[in-house]
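Notes follow once the structure below has been shown.
The values are calculated or read from the model by the stated rules, or taken from the named source; none is laboratory data. Note that this is a predicted model, so its numbers are computed, not measured. Glycine also receives a Cβ, built like all others from the backbone with ideal geometry; neighbour counts cover every protein chain displayed. For accessibility, only protein heavy atoms count, side chains too; no ligands or nucleic acids. Shrake-Rupley method; radii C 1.70, N 1.55, O 1.52, S 1.80 Å.
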Amino acid sequence: MHTKYVSMIAYSVCVAKTELTYSLLLIMILTMDTRSLRFCAALVGLATLSACGSANAPAAQRPTPTHSPTSRRTVDAAGRTPRLAVTYDGGVQVIDAEKGEKVADFPLEGFTRLNEAGNGRHLLVTEGDHFKVLDMGVWSHAHGDHYHSRKTEPLLTDMTFQGSHPGHAVHHGGRTALFYDGEGRVEWFEPSGLSVEKPQTHEVKLPQAHHGVAVFRDDDSLVHTLGDEKARSTVAIQDANGKKVTEFTKCPGVHGEATAKDGVISIGCEDGILIIKGNRINKVKAPDAYGRIGNQAGSEKSTVVLGDYKVDKKAELERPTRITLTDTATGTLKLVDVKASYSFRSLGRGVEGEALVLGTDGRLRVINPKSGKITAQIPVTRPWTEPTQWQQPRPTLFVQEDQVWVSEPAHKRLHRVDLAAGTVSRTITLDRVPNELIGVRG
């Protein structure tokens with residue numbers, strides 16, 4: 001018996017379902033004589049165990065991990081294949097954005113949230129006390145003056161980033177920063193390394209736990225919040241070596257962030273908004289004593305940041321009709337009344353920097369960020385009312401480059417909006433009530 005055949009067959013048993021073909025295994029068996037086959041039958045079981053390995057075996061001997069893209073059939077795609085991820089009560093679905101078909105459905109426990117991982121392929125699903133990586137199964141690589149696109153089956157991987165009360169995940173400056181509200185800890189990684197194996201992670205520990213956010217910049221400096229469980233009012237900057245450069249302490253209720261043209265960062269306060277350029281932090285005051293700007297949307301095409309605006313501190317749920325447009329170049333703030341209320345999931349930016357606001361009247365407003373003029377109102381959904389609990393489904397605006405999507409939970413629909421034509425160009429009907437909505441271009 002050729003002993004090398006035993007290990008070859010054993011290895012094939014482990015991988016034949018995915019990487020090798022059964023025909024290769026058959027050819028190896030047919031080349032043996034009868035005596036060799038009897039000997040093989042006695043040894044192949046033990047050899048298979050050795051070849052397949054255990055969880056503690058060296059990496060070279062372990063079976064392909066469940067989150068490995070090589071364990072699924074991968075094919076070339078005829079161009080980009082955009083996919084959407086939609087959470088519902090009990091899981092997350094992946095939808096082919098062009099065909100309108102469900103590609104995958106993964107069960108999850110509890111209320112889940114979605115964030116972009118930063119590499120155009122993976123998403124981060126918040127479940128319990130961790131971020132779990134969702135491989136959307138579509139991606140493209142630059143090749144000269146064009147792209148090569150690939151696709152495979154989506155996979156909710158076993159790769160997680162652990163921490164107490166995971167909150168904001170922000171990709172900027174070539175890094176993805178995860179903020180754990182229950183620890184006051186920032187964990188970050190380079191999303192380009194997010195593939196078969198979990199990328200190397202690093203952490204920044206803050207003095208106290210709080211609901212906060214952290215943003216890396218192109219020079220490897222870090223902008224982050226400071227506070228505790230009772231109050232938060234400080235924004236600080238650390239240089240690339242982790243040394244504190246400066247801080248601003250008069251931003252009550254600090255919340256939310258956005259990045260505008262030239263890498264300028266904005267962070268909201270209950271009485272205005274902060275503009276962060278280099279190592280300088282300046283505040284643009286709200287026109288009201290309590291003028292809360294929390295949720296924001298920025299664009300690399302515009303110096304203007306779109307933000308919400310609330311003035312009733314005692315309201316259980318304020319339904320504002322005004323939005324803010326803050327010019328980070330001039331330090332000026334403009335209020336615009338859109339004549340309809342909206343929610344924290346109603347704000348977005350178009351591919352050319354247009355400010356987008358989805359109103360409860362079902363219309364998507366397109367606003368010139370400089371002038372504040374509403375240039376279009378596109379009917380998308382039926383009128384809706386924002387639920388009192390923020391975790392409950394409500395129409396959600398998701399914008400990624402030229403792809404503009406709006407969910408309509410009341411009718412289990414997703415609508416694609418053509419901004420140029422001012423119409424809904426596609427509607428997808430779902431079998432679940434959609435909640436959070438995000439996607440990748442492929």
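The strands (runs of 3 or more DSSP E) found entirely in segment 207-319 that carry 2 or more residues being in contact with a Lys or Arg (Cβ under 8 Å, 6 or more places away or on another chain) and of a type outside the set (Ser, Thr, Tyr) are 222-227, 232-238, 265-269, 272-277, 304-307.
Restricting attention to segment 180-192, the residues being open to solvent by 40 Å² or more (accessible area, probe 1.4 Å) and either of a type in the set (Ser, Thr, Tyr) or not in a loop (DSSP other than H, G, I, E, B) (or both) number 1. Only one entry of ALA329, ALA376, ALA355 meets the criterion of being more than 17 Å from PRO409 (Cβ to Cβ), open to solvent by 60 Å² or more (accessible area, probe 1.4 Å) and in contact with a strand residue (DSSP E or B) (Cβ under 9 Å, 6 or more places away or on another chain), and that entry is ALA329. Considering segment 53-90, and only residues there that are modelled with pLDDT of 70 or more and at positive phi, the residue that is surrounded by the most Cβ atoms within 10 Å (Cβ to Cβ) turns out to be GLY90. When segment 358-373 is filtered for residues that are under 15 Å from VAL424 (Cα atoms) and open to solvent by 50 Å² or more (accessible area, probe 1.4 Å), only ARG363 remains. When ALA177, ALA214, ALA258 are checked against the criterion of being surrounded by 18 or more Cβ atoms within 10 Å (Cβ to Cβ), closer than 13 Å to LEU274 by Cβ and touching a residue at least 24 places away in the same chain (Cβ under 8 Å), ALA258 stands alone in meeting it.
With the checklist (1) open to solvent by 20 Å² or more (accessible area, probe 1.4 Å); (2) aliphatic (A, V, I, L, M); (3) at pLDDT below 95; (4) out of contact with any helix residue (DSSP H, G or I) (no Cβ under 9 Å at 6 or more places or on another chain) in hand, flag the one item VAL196 doesn't pass. Single failed check for VAL196: (4).
Do the conditions hold for ASP271, that is, is it charged (D, E, K, R) and on the phi > 0 side of the Ramachandran plot? It is false that ASP271 is charged (D, E, K, R) and on the phi > 0 side of the Ramachandran plot. Filtering segment 388-441 to residues that are within 22 Å of LEU108 (Cα to Cα) and open to solvent by 70 Å² or more (accessible area, probe 1.4 Å) leaves GLN389, TRP390, GLN392, ALA410, LYS412, ARG413, THR429, ASP431, ARG432. Among residues of segment 116-127 that are among the hydroxyl-bearing types (Ser, Thr, Tyr), those with a beta-carbon under 6 Å from a residue that is assigned to a strand (DSSP E or B) at least six positions away or on a different chain give the pairs THR126/ARG113; THR126/PRO166. Is at least one residue of segment 270-280 in contact with a Leu (Cβ under 8 Å, 6 or more places away or on another chain), open to solvent by less than 60 Å² (accessible area, probe 1.4 Å) and not polar (S, T, N, Q)? Yes; the residues of segment 270-280 include at least one that is in contact with a Leu (Cβ under 8 Å, 6 or more places away or on another chain), open to solvent by less than 60 Å² (accessible area, probe 1.4 Å) and not polar (S, T, N, Q).
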